[in-house]
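The values are calculated or read from the model by the stated rules, or taken from the named source; none is laboratory data. Note that the structure is predicted; figures quoted are calculated from it, not measured. No Cβ is skipped: glycine too gets one built from the backbone with ideal geometry, and neighbour counts run over all protein chains shown. The area values use the complete protein model at the heavy-atom level, side chains included, leaving out ligands, DNA and RNA. Shrake-Rupley method; radii C 1.70, N 1.55, O 1.52, S 1.80 Å.
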2 protein chains.
Amino acid sequence: MEKSLKVHVGPVAPPELESAVLAGGAELAAAEEASALVWFGAEPGRFPELDHSGLDWVQLPSAGVESWLAAGVLREGVRFTSAAGTYAQTVAEHALGLMLAGARQIPAMARADSWQRPEGMRSLSGSTVGIIGAGGIGRALIEMLRPFGATVLAVNRSGKPVDGAERTWPAEDAEGVRRVLTGSDFVVVAAPATSQTDELIDAGALAAMKPDAWLINIARGSLVDTDALVAALDAGEIGGAALDVTDPEPLPDGHRLFSHPRALISPHTANPQSLLMPALARRVQENVRRWVAGEPLLAPVDLAAGY
Amino acid sequence: MEKSLKVHVGPVAPPELESAVLAGGAELAAAEEASALVWFGAEPGRFPELDHSGLDWVQLPSAGVESWLAAGVLREGVRFTSAAGTYAQTVAEHALGLMLAGARQIPAMARADSWQRPEGMRSLSGSTVGIIGAGGIGRALIEMLRPFGATVLAVNRSGKPVDGAERTWPAEDAEGVRRVLTGSDFVVVAAPATSQTDELIDAGALAAMKPDAWLINIARGSLVDTDALVAALDAGEIGGAALDVTDPEPLPDGHRLFSHPRALISPHTANPQSLLMPALARRVQENVRRWVAGEPLLAPVDLAAGY
């Protein structure tokens, strides 16, 4: 059958996304008539419209797709794109906020009820920042770090040099990853959740970090061993930790990390709902435009790599 | 008498500052033999070495000099220089940390004991930032804001356009100041404490601000009317406030601002002691070099202007 230029937005159809489809040059249509789906508002797996046979392309609403993979939704024969990169600026901004909160001991200040200067004040200026998983978020963060004259050490999948990083190592180079851990004042975890990155930050990685370094996780909770982190904080092996994602997630009520003097829990708010929609709409418009024009889509999901 | 190139550091003489004097090309000497003093480690007024008659120049250790003025230490016939500009980078970094803490609701997160997403998440990206008193700190902050694509509205004494600001108004232009207050998502107070800036942010100024705007004060407590601020927070007239300086300072134990859900008190730590010394030593070296060479000194205190 000839490909229609019909796109379905659902099961929830926010007007911003429908407008984006039209602005991208396609038509809106019911699911059974559409060749493309913009998925919004449903859990992975709960979207029967996916089953129809004329489907060419599905735009997913999140940057990480591990839950769609786990739900068995992603399949050969249909192109899936994630929202990877869409939220890079807002997530990088959150990461910078968490880094500065750590450097300037803002959690301790927020909890204080009297005028006491916290110890361990640091500066981002002139510091060394390790970015493990330096993709779109990492690139946006590197731009934000330029005015601070920070030295960036990067790890990515390929080891291809990241612009603005002093040095880049491939993720498979264990010695390189270790040099990032031992040399950084801030270790920012921004890698996708895959079987290779599961508990990447374990007891050994934490022990390798500088005793005053802060760990920032804005990727996925599975990348950090939570029990090992609590032990490392208690033992003073690292300076502190600011986590936007946790394992388990949500973290149980009253978990020690909520109130640990050198920890900050941000409940998966790096990409808050209020900021998500405009960014997602821009991505949908651009990918619809590319789809209509027959150009390569942004952020295709690589089923083999898992992201 | 011919000017000697002798400098006294005191009453406390950190090795970093003595090294800076030597690196600047002068000799170290006892107070009574020196033509210049690098003042460190004493309260304003408690430094009798100031009285000797051969004194040409005194380098003060702080950026704000209002307490030296109040103590009657500053006088005609001796050149005084402040440390204004020395700490601009580290103070601007703190200001950015407080802004991001406000935008991302980090105080609420730090105080939470369970996984609850706070309301009112904002982004610095694309926001409008008003800087009242855009001098060295303001310029450093503007550089840090560039990656966020923020629009900067500036107020300074002269009204001379500030690089990177969309528009600059002179402080005496009440209508201009009002436009900064009404148009900004973040209002950063960075002006010196003078009789003109006393309670610059009063009830009227707070009422003029956007209901979701954050007030950041990294200048001096006297610039903000504390009671009016508490009332404005309670009434929801502004989004929140992050204060590195307060009136009174220190803020009394248990003051409502310590625990107010939309307030953050940073106990005068924008320029922490641990970061101060290297920056001050660089300034001392440069001003000693200029003094020896007969060049204009950095940050001369203007007795008439009061800073």
Between the stretch B:89-165 and the stretch B:255-307, what's the alpha-carbon centroid distance in Å?
19
Please compute the average number of Cβ atoms from other chains found within 10 Å of each residue's Cβ in peptide B:272-283.
2
Residues hit by the 20 Å² burial cutoff in the stretch B:94-110, accessible area with a 1.4 Å probe, assembly against chain on its own, are B:94, B:96, B:97, B:100, B:104, B:106, B:109, B:110
Residue by residue, what Karplus-based ³J(HN,Hα) values in Hz, rounded to whole numbers, does the stretch A:116-122 have, using 6.51, -1.76 and 1.60 with θ = phi - 60° and x for Gly and Pro?
10, 7, x, 7, x, 5, 10
Can you work out ³J(HN,Hα) from phi for every residue in the stretch A:194-211, in order, using Karplus 6.51 cos²θ - 1.76 cosθ + 1.60 and θ = phi - 60°, giving whole Hz and x for Gly and Pro?
9, 5, 6, 9, 4, 6, 4, 9, 10, 4, x, 5, 5, 5, 6, 6, 4, x
Accessible solvent surface per residue of chain B, calculated while the other protein chains remain in place, 1.4 angstrom probe, Å²:
40
Orientation-averaged projected area, Cα convex hull of the protein assembly as shown (nm²):
29.8
Long-range amide H partners of residue A:128, meaning residues 5 or more apart or on another chain whose placed amide H is closer than 5 Å, are A:151, A:185, A:186
Apply the a/c threshold of 1.5 to the C-alpha gyration tensor of the stretch B:153-307 and tell me whether it is rounded, prolate or oblate.
oblate
With all protein chains present, chain A has a carbon and sulfur share of its accessible area (1.4 Å probe) in percent of 50
Please enumerate, by chain and number, the aspartates and glutamates with C-alpha under 20 Å from the C-alpha of residue A:160, excluding those fewer than 8 residues away in the same chain.
A:143, A:172, A:173, A:175, A:302
Checking an interface number: how much accessible area is buried between B and A, summed over both chains, with a 1.4 Å probe, in Å² rounded to 100?
4100
Projecting the Cα atoms of A:197, A:239, A:100 onto the charge dipole of the stretch A:88-265, where Lys and Arg contribute +1 and Asp and Glu -1 at Cβ, the residue farthest towards the positive end is A:100
For the stretch A:13-71, with only Lys/Arg (+1) and Asp/Glu (-1) charged at the beta-carbon, what is the dipole magnitude about the Cα centre, in debye rounded to 20?
160
Which whole number gives the average, over all residues in A:242-253, of C-beta atoms from other chains lying within 10 Å of the residue C-beta?
2
Loop only per DSSP, at most 15 neighbouring Cβ atoms within 10 Å: give me the GluC sites (Glu not before Pro) in the stretch A:32-95, ordered by residue number.
A:76
The stretch A:86-137 shape via C-alpha gyration tensor axes, a/c threshold 1.5
oblate
Note on chain B: helices (DSSP H) long enough, at least 15 Å by alpha carbon along their axis, and hydrophobic enough, mean Kyte-Doolittle at least -0.5, are B:88-103, B:273-293
Along the stretch A:299-304, what does the Karplus equation 6.51 cos²θ - 1.76 cosθ + 1.60 (θ = phi - 60°) give for ³J(HN,Hα), rounded to whole Hz, x for Gly and Pro?
6, x, 7, 9, 4, 5
Placed amide H near residue A:79: partners under 5 Å, 5+ positions off or other chain
A:57, A:58
Return the long-range amide H neighbours of residue A:212 (sequence gap of 5 or more, or a different chain), with a cut-off of under 5 Å between placed amide H atoms.
A:239
Please work out which residue of chain A brings its Cβ closest to the axis of the rotation superposing A onto B, and round that distance to whole Å.
A:110, 2
Cα gyration tensor category, rounded, prolate or oblate, for the stretch B:12-91 with a/c compared to 1.5:
oblate
